[in-house]
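The structure under discussion appears below in the form of structure tokens.
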Amino acid sequence: MKPADDPNTDYRALVQRGYDRCAAEYDQARQEEGHPELALLTDRLDEGASVLDIGCGAGIPVARTLAQRFQVTGIDLSIAMIERARVNVPEAAFIHSDIMGAQFPSAHFEAVVSFYAIFHLPREEHPELFHRIHRWLKDGGYFLATVADTNEAPYMEDDFFGVTMYWSNFGLKEYQQLLTEIGFRLLDISVVGHGYRADEEPSEEHHPLIFAQKIG
Ligand SMILES: C[S@@+](CC[C@H](N)C(=O)[O-])C[C@H]1O[C@@H](n2cnc3c(N)ncnc32)[C@H](O)[C@@H]1O
């Protein structure tokens, strides 16, 4: 783990490049893993509901599971990931874009999901991202996302699927406070693992999964 505090480094470009290079390995690692937690949404949304998947990666398993019943739009910074997602989940729509540069109409989605992606954006952008999500959701719409447990300084690791990768996050307490202040009601907090296939390296890794609802 190395600090990521060089003002001259473009960490967003590093993330983009990294996922472009490791897309095949990442896609492969996610192939067999399901996310039973998606039932939080599938149990509540009407058939055909509009769902945005932020940092959708190769579309597996999240977009693929949701696209069985809902209209899914996936968005990702990495073109290699988007190309894979288009093949893996042909029934969904995919956009190649930084989420911070994306524009959607207000009150457009019934739900927004984001698995293992928000911590790749600089954490000072997280409040603005949550404001955008709040704006894009219909009243009563749901937000389901992995965040992080502990507030730590931005850092990099050199061997994430063979590439250098960057993470930046606050802790769970800060995320709970932020979302509440922005106008979400927290409905549930559970924990998910790293999400890779069972034959991947065992890992202690876990992430809080926040389930929230837009209240105003
Ligand atoms: C760990 S992968 C998770 C992929 C997928 N959500 C999953 O569950 O397998 C993180 C993804 O977030 C994407 N990402 C990172 N920063 C992003 C940004 N600013 N805008 C959109 N996507 C981003 C990466 O390109 C990568 O595909």
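Here, each number is a calculation from the coordinates, and none is a lab measurement. None of these values were measured; they are calculated from a predicted model. Using ideal geometry, Cβ is built from the backbone for each residue, glycine included, and neighbour counts are taken over all protein chains shown.
For this structure, a couple of remarks:
- Set of lysines with alpha-carbon distance to K2 below 27 Å, sequence-local pairs under 8 removed: K173
- The local environment of I95, defined by Cβ-Cβ distances under 12 Å, has a net charge of -2 under the rule Lys, Arg +1 and Asp, Glu -1.
- Here the average projected area of the convex hull drawn through the C-alpha atoms of the chain stands at 10.8 nm².
- Amide H contacts of E152 (H built 1.01 Å from N, under 5 Å, at least 5 apart or other chain): N169
- Take every pair of alpha-carbon atoms less than 8 Å apart whose residues are at least six positions apart; their mean separation over the length of the stretch 19-173 yields a relative contact order of 21 percent.
- Prolate/oblate/rounded label for the stretch 1-43 (Cα gyration tensor, a/c 1.5): prolate
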